[in-house]
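Enquirer: Structure below; questions to follow.
The values are calculated or read from the model by the stated rules, or taken from the named source; none is laboratory data. No experiment lies behind these values; they were computed from the predicted model shown. Heads up, the Cβs are rebuilt from the backbone with ideal geometry, glycines too, and the neighbour counts pull from every protein chain shown. Just the protein is used for accessible areas: all its heavy atoms, side chains included, with ligands, DNA and RNA removed. Shrake-Rupley method; radii C 1.70, N 1.55, O 1.52, S 1.80 Å.
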Amino acid sequence: MANQPIKAPRNMTALMQHLQRLVTTGHYYWSGDRIAMRHIPRLIDKYPDFALRADAPARAYRKRTGRASVHLVLHPMASTKDEDIPWWMLSTGGKLGLATSDNLPGAVHDARTLEGRLLSDDYELFQLEKNYIPDHPKTTTWTWRMAPMRFREWQALLIERVKARDAKSVADIFELLREMPQFAGVRSQVLRLHFDASRMLMKLGMPGLAPLELPVMRMQKLWQEDFEM
């Protein structure tokens, strides 16, 4: 088996896109924690059954023989050598994976469940129902959104500023929200916040907010070119 170097995503959006792709391809089982950079090689060596450095042909063979594909994902902070960084392991079902192994790095969650949703900073990965047509099968897609508590915090801040009739502050908040990675779930939340804030302003006899133009989410170049583990 050829060893594949483990790289770190180049930024937070790249990290989220990478995690999203893995879950979309069946890597539903996950575990995570934080680790000092110097201990990452030890973490990799501790779980030889997971073949964390497996390249594409080795992963294809594992799949053919009923074994799991397991990936180690590092936070972009991996470029900061002296700090503990978050990490995640994501696994498909099958032998020698997170769903079946006795040698595990921690608690194992299922991203398809409410209590097992994959988290990254203030965001959670979830299945969004899309293009629902009555009497047709439901279709879903994996996307990121602000975790419920974080969404409520932004909501509370906007209510506070609207009640203070501080329209400039409200507009400034939406400039910050525009900078978030505009995955479909995040985008929907930001537009909802904008609609509600505009309606509250008008109820107070003030002008509503100008239409909100959000940037389009594009596929990122994933990897830091100068980092390999």
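Enquirer: Only one of these conditions is not met by residue 146: (1) aliphatic (A, V, I, L, M); (2) open to solvent by 50 Å² or more (accessible area, probe 1.4 Å); (3) under 30 Å from residue 109 (Cα atoms). Which number is it?
Expert: With (1) aliphatic (A, V, I, L, M); (2) open to solvent by 50 Å² or more (accessible area, probe 1.4 Å); (3) under 30 Å from residue 109 (Cα atoms) applied to residue 146, the lone miss is (2).
Enquirer: Determine if the range 108-123 includes at least one residue that is modelled with pLDDT of 95 or more, of a type in the set (Ser, Thr, Tyr) and either open to solvent by 70 Å² or more (accessible area, probe 1.4 Å) or in contact with a Pro (Cβ under 9 Å, 6 or more places away or on another chain) (or both).
Expert: yes
Enquirer: Give the residues of the range 91-109 that are outside any loop (DSSP other than H, G, I, E, B) and either without any contact (Cβ under 8 Å) to a residue 24 or more places away in the chain or under 16 Å from residue 33 (Cβ atoms) (or both), sorted by residue number.
Expert: Matches in the range 91-109: 91, 109.
Enquirer: For residue 157, work out the one condition from (1) at pLDDT 95 or above; (2) touching a Leu at 6+ places or on another chain (Cβ under 9 Å); (3) among the hydrophobic types (A, V, I, L, M, F, W, C) it doesn't fulfil.
Expert: (2)
Enquirer: Here's something else I'd like to know. I want to confirm something. Restricting to the range 8-52 and keeping residues that are touching a residue at least 60 places away in the same chain (Cβ under 8 Å) and over 22 Å from residue 119 (Cβ atoms), which single residue is most open to solvent (accessible area, probe 1.4 Å)?
Expert: The selected residue is 41.
Enquirer: Still on this structure: Please go through (1) closer than 19 Å to residue 19 by Cβ; (2) open to solvent by 100 Å² or more (accessible area, probe 1.4 Å) for residue 203 and return the number of the only condition it doesn't satisfy.
Expert: The one condition residue 203 does not meet is (1).
Enquirer: For the range 43-73, what are the residues that are outside any helix (DSSP H, G or I), under 19 Å from residue 108 (Cβ atoms) and not small (Gly, Ala, Ser)?
Expert: Those that are outside any helix (DSSP H, G or I), under 19 Å from residue 108 (Cβ atoms) and not small (Gly, Ala, Ser): 47, 52, 67, 70, 71, 72, 73.
Enquirer: Can you name the residue in the range 22-40 that is in a helix (DSSP H, G or I) and out of contact with any Phe, Trp or Tyr (no Cβ under 9 Å at 6 or more places or on another chain) and, of all such residues, is modelled with the highest pLDDT?
Expert: The extreme case among them is 39.
Enquirer: Just one of 55, 82 is open to solvent by less than 50 Å² (accessible area, probe 1.4 Å) and modelled with pLDDT under 95; which is it?
Expert: Going through 55, 82 in turn, the sole match is 55.
Enquirer: How many residues are without any contact (Cβ under 8 Å) to a residue 40 or more places away in the chain and surrounded by fewer than 17 Cβ atoms within 10 Å (Cβ to Cβ) if we restrict to the range 164-199?
Expert: Of the residues in that region, 14 qualify.
Enquirer: Considering only the range 219-229, state which residues are of a type outside the set (Phe, Trp, Tyr), open to solvent by 60 Å² or more (accessible area, probe 1.4 Å) and at pLDDT 85 or above.
Expert: 221
A quick yes/no check of all residues on (1) more than 17 Å from the chain's Cα centre (by Cα); (2) of a type in the set (Asp, Glu); (3) closer than 30 Å to residue 184 by Cβ:
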{"residue": "30", "(1), (2), (3)": "no, no, yes"}
{"residue": "64", "(1), (2), (3)": "yes, no, no"}
{"residue": "94", "(1), (2), (3)": "yes, no, yes"}
{"residue": "105", "(1), (2), (3)": "yes, no, no"}
{"residue": "110", "(1), (2), (3)": "no, yes, yes"}
{"residue": "113", "(1), (2), (3)": "no, no, yes"}
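Enquirer: Count, please, the residues in the range 200-224 that happen to be in contact (Cβ under 8 Å) with a residue 60 or more places away in the chain and more than 27 Å from residue 130 (Cα to Cα).
Expert: Of the residues in the range 200-224, 2 are in contact (Cβ under 8 Å) with a residue 60 or more places away in the chain and more than 27 Å from residue 130 (Cα to Cα).
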